[in-house]
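To keep things clear, I will list the structure first and then write my remarks on it.
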Amino acid sequence: MTDDDRDHRERGKRGRGPALSRRSLIAGVAGAAGLGVGATAIARSADSAGASVHGGDVIEFYGEHQAGVTTPPTAHVNYIGLDLAADSERQAREALAGILRVWTEDAARLTRGAPALADSEPELARVPARLTVTVGLGPGSFTRTGLEGRRPRWLHPLPAYPIDRLDERRWPQTDLLLQICSDDPITVAHATRVLTSNVAGRIRLRWVQRGFRNARGSQDEKVTMRNLMGQVDGTVNLGPGDFDTLVWDDGGEQPWFAGGTSMVLRRIAMDLDRWQELDPASQELTVGRRLSDGAPLSGGGEHDDPDFDKLVDGLPAIPASSHIARARHRTPAEQFLRRGYNYDDPPEPGPDGVLPISNSGLLFAAYQRDVDTQFAPVQARLAEHDALNEWTTPIGSGVYAILPGARRGQVLGQSLLA
């Protein structure tokens with residue numbers, strides 16, 4: 001038994017203001033963000049007696065890919081940013097190896113509804129409710145450990161976009177990322193505490209970002225989530241047929257990374273106080289979709305392709321500056337898997353000390369094989385001109401390498417550290 005293992009076991013509704021004209025939006029220059037779900041087999045936890053209808057649902061931890069990327073989004077998520085607490089390259093590498101060993105063992109147990117080793121609240125582990133634990137590495141995990149030669153080429157901070165107002169003090173890029181998802185918020189909270197406390201001496205916790213979607217069972221799971229602006233958020237997305245070519249890495253650049261993917265996490269604040277001053281027609285023109293059902297303004301149903309050439313009264317039905325017009329991919333490569341969660345945190349005083357009515361927004365996660373060729377061109381186009389930018393502001397940003405999955409008997413990151 002190693003010292004790491006021994007230590008691990010011993011740790012015991014709105015106001016309506018003036019409308020925006022179609023012509024004013026068309027004066028600017030525009031697919032809508034979507035959240036995709038992949039098909040994943042769900043089993044039942046053997047020790048979930050007394051759980052709710054869905055509380056015993058289990059998503060397998062081990063496999064070629066980590067769960068939590070193409071698996072169906074759950075109702076709750078915690079994104080946790082951490083830095084390595086080490087002074088030397090050797091210490092940082094040893095710390096990383098120990099962290100990944102502990103997280104692999106604990107996550108494999110928690111996701112099947114079993115308590116982690118030395119779990120001081122084992123009763124809280126009995127209801128996994130589709131719990132997934134996904135581990136990512138930031139650029140610092142490579143530079144600080146002497147593994148720079150194994151860092152994927154795209155693993156670097158995004159360019160500085162003119163729309164960004166990043167709060168580097170509160171939401172910085174971190175060395176490590178934990179993504180913890182479940183339909184039960186108690187399960188998420190428990191897994192967060194266990195996975196961070198069991199490596200407490202090796203990490204510094206920088207932030208926790210909590211997000212939510214519709215409660216499971218509140219509507220058909222095929223219905224697209226709405227963000228806190230009231231808009232459907234997740235119509236256009238990749239499907240299972242795209243995952244091997246656009247999401248999962250093939251190991252061509254870094255052989256150790258085959259089966260992994262990249263993740264961009266953006267914290268996007270929404271000015272709901274000003275957004276609610278717009279009338280519904282102006283909100284629809286800004287996004288390019290109907291509020292009622294998410295259908296494009298060119299007509300049809302939610303999942304019909306928008307017709308960007310259609311005219312209404314001599315003007316485009318979908319303004320060229322609308323969000324969906326600016327976000328639509330221009331080449332087959334400009335596509336990525338979207339997973340969004342709402343956040344709604346307690347209000348914080350502004351510069352004048354006055355509390356705003358809301359402190360809300362979207363935790364936008366994008367997964368793709370290559371950030372530079374898939375995500376960055378779309379984000380640059382949105383930053384240049386997107387009608388929605390007047391009410392949305394990115395305040396946090398990070399890029400991570402989501403490790404390949406681990407087979408039974410293996411450890412996450414084993415191919416990297418071998």
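The values are calculated or read from the model by the stated rules, or taken from the named source; none is laboratory data. A quick note: this is a predicted structure, and the numbers were derived from the prediction, not measured. When we count neighbours, we look across all protein chains shown, and the Cβ atoms used for this are built from the backbone with ideal geometry, even at glycine. What goes into the accessible areas is simple: the full protein's heavy atoms, side chains included, and nothing from ligands, DNA or RNA. Shrake-Rupley method; radii C 1.70, N 1.55, O 1.52, S 1.80 Å.
Give me the 1.4 Å probe accessible area per residue for the chain, excluding ligands and nucleic acids, in Å². It would help to have the intermediate numbers written out before the result.
On the way: 17490 Å² over 418 residues.
Counting only protein heavy atoms, the per-residue value for the chain is 42 Å².
Sorted by accessible area with a 1.4 angstrom probe, largest first, how do 169, 206, 90, 101 fall?
Listed by decreasing accessible area, they come as 169, 90, 206, 101.
Of 310, 222, which has the most accessible area and how do the rest follow, probe 1.4 Å?
Ranked list, largest accessible area first: 222, 310.
Of all accessible surface on the chain at a 1.4 Å probe, what whole percent is carbon and sulfur?
With neighbouring chains kept in place, the figure for the chain is 52 percent.
Just to confirm a number: summing +1 for Lys and Arg and -1 for Asp and Glu over residues other than residue 74 whose beta-carbon lies under 12 angstrom from that of residue 74, what do you get?
Spelling it out: positives minus negatives among the neighbours equals 0.
Once each part is reduced to its C-alpha centroid, what is the distance from the range 346-418 to the range 153-220 in angstrom?
10
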